[in-house]
1. I'd like the accessible area for TRP488, computed on protein heavy atoms only with a 1.4 Å probe and all protein chains in place. Round to 10 Å², please.
2. With each label point set 7 Å from Cα along the Cα-Cβ vector, what nm distance links ILE321 and ILE364?
3. So if R0 is 35 Å, what FRET efficiency would ASN569 and GLU480 give, r being the distance between their Cβ atoms, rounded to the nearest 0.05?
4. What number comes out for the charge environment of ALA202, summing +1 per Lys or Arg and -1 per Asp or Glu over other residues with Cβ under 13 Å away?
5. Between LEU403 and GLU274, what length comes free when the chain is fully extended (0.36 nm per residue of separation minus the Cα-Cα distance, one decimal in nm)?
6. Please give the solvent-accessible surface of LYS587 in Å², to the nearest 10, using a probe radius of 1.4 Å with every protein chain present.
7. So, taking all protein chains as they sit and a 1.4 Å probe, how much accessible area belongs to SER481, in Å² rounded to tens?
8. Give, as a single signed number, the net charge of other residues whose beta carbon lies under 14 Å from the beta carbon of PRO66, with Lys and Arg counted +1 and Asp and Glu -1.
Amino acid sequence: MTIAAAASAPSFQRIEAVRANWDAQMPPDAGWTDVALPDDWSLRWPGFDGVVWYRLTWEQTDATAPVGLMMDYLNMAGVVSLNGVQLSRDQNLTEPLTRAWNTPRYWQASPPLLRSGQNILLIRVSGLAAYQPGLGPVTLGAPADIGIRYTHEYWLRHDLQLFSLAVSATLGCFFLALWILRRRETEFGWFGLMSLTWWLYASNQVKLTPWPFSSTDAWQATVSILFLVYSASFTMFVLRNGPRRYRRTELVVGAMVAAGSVAMCLTPHARMQEARAWLALIPAMTYIGSCFLFFYFAWRQRRVEQLILAACLAVCIGVGIHDLLVFLKILDSNIYYTALASQLQMVAMALVLGWRFVSNLSRIERFNEELHVKVEAAKEALAQTLKREHELQIVNVRLGERLNLAHDLHDGLGGTLVSSIATLEHAPGSIPSSRFLTILKELRDDLRIIIDTASSYQLAETSLAEMLVPLRHRLGVLFESQNIVCRWQLSGIEDCHLPTAQSLDIIRILQEGLTNVLKHSHANSVHVELRDDADRLTLQIRDNGVGFDPVVQKEPTGTGMKSMQMRANRLGGTLETRRVEGETVLKIAIPHRRA
């Protein structure tokens with residue numbers, strides 16, 4: 001079909017075509033056939049791969065008036081000459097052919113290119129039968145009118161395609177990054193893969209060489225596989241937006257991609273046209289079926305963002321059917337709108353995912369606000385609890401101090417009082433004043449120890465032997481006054497240095513144990529053994545009195561015994577009482593490491 005310009009402009013009088021071999025530099029003289037543009041020579045010469053020359057002639061009455069020439073496309077590569085003068089030449093006229101199939105061209109012809117009378121536009125086209133080889137519409141007319149049409153056509157076929165590629169690449173990289181950060185959001189990954197695959201597939205609209213492949217067949221096979229992967233990715237995206245997982249369907253989709261890719265790679269050149277037709281039809285039907293499946297999901301879930309995307313997909317279905325009919329040569333056109341309409345789909349799908357992302361982010365923000373409120377309430381409750389616990393600790397410390405003071409009074413001052421009373425009871429009628437003074441000094445010394453201990457937190461280490469000397473002296477005098485033989489066996493305590501509080505606990509245990517012997521055992525002999533073995537401090541008191549029988553009485557009930565048990569526990573040791581061969585034995589083992 002010849003596209004004419006305005007009524008006053010010149011028009012082509014005749015358009016002819018003739019076949020030639022790949023190496024032909026000039027057209028043959030014979031064999032010319034009248035054709036109409038656009039022309040697909042595979043319909044006239046099926047299976048012909050090579051060169052076809054097109055000759056377009058028109059009459060020019062005024063050679064001084066410039067003429068605009070526009071060619072919509074030629075498929076695949078070619079040379080254009082006007083009256084024997086070359087206007088353009090593609091880089092590769094043999095394999096790998098320059099891919100000029102979607103490139104409009106414009107020239108403004110003026111003297112000396114134009115002639116009065118007959119003018120000839122000669123176009124050499126190199127093409128392959130499997131890829132709709134031939135020549136598109138050629139327009140002749142006023143330069144201003146043809147220039148406007150060329151600008152529009154170039155914008156539609158080139159500039160808008162580049163914009164489409166930029167949008168696809170941007171969305172693909174963005175959502176793939178989101179998927180990498182959130183692997184559970186698999187629809188982000190499938191959308192990113194779909195966008196990048198479409199970017200590679202749509203680059204066929206503007207790419208001028210089959211690089212990195214060495215042949216047109218290899219490039220076209222790759223393009224077909226990319227379309228297959230794109231439709232499969234879209235299907236996976238739709239399935240992952242459904243109410244549940246469709247594992248069997250996903251396996252079928254994966255198998256379809258694998259089988260189609262292998263088949264396309266193994267297809268010979270002679271069968272490439274049929275293979276490409278099937279590999280375009282199957283993914284197209286898969287894509288349309290996935291769109292209807294998404295319509296069903298959107299209708300079931302009734303979410304606003306899905307309804308918006310469903311409306312955009314309806315538009316894309318119509319455009320896709322148009323382009324499929326063009327590809328299958330059912331419609332006489334060379335313009336594909338899918339690459340343009342896909343941007344509507346891409347943006348809509350991006351809005352859906354963005355909507356979901358923002359919704360999730362809003363839920364997270366609300367959760368964070370609620371969590372912040374709850375954390376503040378928990379912090380306030382914890383502060384109140386810690387305050388009450390602190391108050392209880394203070395009360396417990398005070399009670400502990402009082403209990404320690406009571407035990408110290410019982411074990412220390414109490415024992416001294418008991419021994420003093422026993423001394424006075426067994427003393428003769430008249431007691432010297434010096435003896436009373438000695439008893440009072442002993443009470444004063446015991447009271448001073450209690451006061452010093454209670455008035456400071458004892459961390460400094462003291463010598464256990466030094467603290468034992470006054471007690472041993474007082475008790476020795478007391479036992480002697482009661483006619484009780486007291487033997488001491490001390491081993492290794494000269495170098496035993498302990499914190500003052502621990503030393504005092506040991507002294508109090510020893511003092512309470514000997515006081516119990518004096519008060520309850522009716523013994524006439526007592527043996528005290530205190531031994532430091534580097535890893536253990538052992539205190540043992542043996543007497544031959546009646547004492548405490550652990551067989552009869554399983555648990556001690558006296559204040560003194562409980563006080564000794566408490567002190568032993570505080571020191572990390574064990575308290576043991578037993579009867580052995582007529583003797584009562586009280587033994588305390590305290591873990592200890594020599595300083």
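The values are calculated or read from the model by the stated rules, or taken from the named source; none is laboratory data. In this text, all values refer to a predicted model and were calculated from it rather than measured experimentally. Neighbour counts run over all protein chains shown; Cβ positions are idealised from the backbone, glycine included. In case anyone asks, the SASA skips ligands and DNA or RNA and just uses the protein heavy atoms, side chains included. Shrake-Rupley method; radii C 1.70, N 1.55, O 1.52, S 1.80 Å.
1. 50 Å²
2. Here the modelled spin labels are 4.2 nm apart.
3. Details: r = 33 Å, r/R0 = 0.95.
Calculated value: 0.55.
4. Values: positive: ARG157, LYS207; negative: ASP323.
Cβ neighbours under 13 Å give a net charge of +1.
5. Details: separation 129, 0.36 × 129 = 46.44 nm, distance 10.17 nm.
Between LEU403 and GLU274, full extension yields an extra 36.3 nm.
6. Roll a 1.4 Å probe over it and LYS587 shows about 70 Å².
7. 50 Å²
8. On the way: positive: ARG115; negative: ASP62, ASP145.
Computed value for this residue: -1.
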